[in-house]
1. Counting pairs of alpha carbon atoms under 8 Å apart in space and at least six apart in sequence, what relative contact order in percent does the stretch 193-329 give?
2. State whether the stretch 161-223 is rounded, prolate or oblate according to the following rule on the C-alpha gyration tensor (a ≥ b ≥ c being the square roots of its eigenvalues): a/c under 1.5 gives rounded; otherwise a/b larger than b/c gives prolate, and the remaining case gives oblate.
3. Please report how far the C-alpha centroid of the stretch 248-262 lies from that of the stretch 263-310, rounded to the nearest whole angstrom.
4. Considering the stretch 1-135, what Rg and Dmax in Å follow from its alpha-carbon atoms?
5. Note down, for the stretch 9-79, the three equivalent ellipsoid semi-axes (square root of 5 times each alpha carbon gyration tensor eigenvalue), biggest first, whole angstrom.
6. Got the relative contact order for the stretch 259-323 handy, in percent, Cα pairs under 8 Å and 6 or more residues apart?
7. Evaluate the Kirkwood expression for the hydrodynamic radius of the stretch 184-266, namely the inverse of the mean inverse distance over all pairs of different C-alpha atoms, and round to one decimal in Å.
8. Take the alpha-carbon positions of the stretch 254-336, form their convex hull, and give its projected area averaged over all directions (one quarter of the hull surface) in nm².
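Only the coordinates and a few stated rules stand behind these numbers; no lab work does. Note that the structure is predicted; figures quoted are calculated from it, not measured. Cβ coordinates were reconstructed from backbone atoms using ideal geometry, including for glycine residues, and neighbour counts include every protein chain displayed.
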Amino acid sequence: MQKETDLARLLNRTTRRALRYLEGIEERSVAPAADAVHALQAFDEALPEDGLSAEEVLDKLDELGSPATTTTTGGRYFGFVIGSVLPAALGADWLCSAWDQNAGMSVVSPIAARLEEVAARWTLDALRLPAGAAVGFVTGATAANTSGLAAARHALLERSGFDVERDGLFGAPPLRIVAGDEVHVSVLKAIGLLGMGHARVERVPTDDQGALLASELPDLDDQTIVCIQAGNVNTGSFDPATEVVAAARAAGAWVHVDGAFGLWARASSRFDALTAGLEGADSWSTDAHKWLNVPYDSGLVICRDPSVLRKALGFQAAYLIDSGNREPAQLTPELSRRARGIPVWAALSSLGRAGLRDLVERCCTHARTFAERLVEAGHTIPHEVVLNQVLVLVESEERLARVLTRVQDEGIAWFGGTTWHGKSAIRISVSSWRTSADDVERSAEALIRALALP
Ligand SMILES: *Cc1c(COP(=O)(O)O)cnc(C)c1O
């Protein structure tokens, strides 16, 4: 009994601390204060001989840790591509931790297995991808790109009678990989991890929006993987899927889509011109922790032919009895892992189709407002604002650093920087369900103020 009381006290206290944090996010500085980061030194101590009480551990974590967080979960964080956390997804994630389910095998966690199936089906439905595709729940789009490209590698080498998982790449016929000049680093990393060599990628020139030029595609064949992206991290632009898929189909090539955030644009018909043709690919990667606003970490690999993903990532073990069910660990690199599908299910469950559509459309409207305010103030947006990403040109790298430091120090909003076609730019990504029209106005003002100073 005593133990239960202690646990209740601990969890209630943790809830109060989490609530205090979340209720304070609108007021606090988006970037942590320098002294809060400095105070993290207090953690640099030797492993204690005797442990603290759980309460002491949590108190210390909150008192030192919370002030040293960046408020990425608030409505005015626009760095990288970072979502907030939907309340239902947060609650579901907490409950998952209480359950501590190992989601790898259906026999270990019927609930995790069932909700992964539902979350997979709903995701395919929301993104208008083939209903029969397999979905694996991984840590993020990097792992999803790796998984999708592992499936591609398997399928293409199988055509030469080669079982790459069994025989290895040594002695295998070389595969070709084609990708746009603006390919995301995570795809290159995945290619490297898979032993296919990222320096071997045949790069295709892109247009002024960062989209691959279909007219510049090299001749494709059935030993080629074509990587396209749905959502450029700088401009939000999409590679032309319809043309690429048609060329790949004709040649028997495999098309993999990196759709870390942009794939979610398919939840709204407003973006059909941008997202057309993506359904014709062979594999896709996306994140749930970005635009779906699920807690870290959460990504999805999707593969048109489930048997290929299973052959690339699956395994056999004496203790695994074929259940005839969808077995989660056969679709991901991991064996044991947390029940990532559950917060995805919770997010989709609480949003519904309309809520998801609204989340996507709202973020894009906010992005356009940002662009309008900055243009009104005399600044240059070097691309069409087609999605939730906006760039603002700044004269030099030095000035970019000064402007960013100024805004980040002021604490109202947080923006990052990038280089766009040789020019320095501020990068704005609107990916949070929390961002309101007022957040956008306040943040645009803060940015324009910082840009006005010398
Ligand atoms: C964020 C991102 C990735 C990598 O995703 P992680 O979740 O960080 O692994 C890949 N591609 C694009 C286009 C992205 O925006």
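1. Values: 186 pairs, mean separation 23.2, N = 137.
Relative contact order for the stretch 193-329 comes out at 17 percent.
2. Oblate, because a/c is 1.5 or more while a/b does not exceed b/c.
3. Rounded to whole Å, the Cα centres lie 12 Å apart.
4. 19.4, 55
5. Details: eigenvalues 121, 59, 11 Å².
Listed largest to smallest, the semi-axes of the stretch 9-79 are 25, 17, 7 Å.
6. 27
7. Computed over Cα pairs of the stretch 184-266, the Kirkwood hydrodynamic radius comes out at 13.2 Å.
8. So the mean shadow area of the Cα hull is 6.7 nm².
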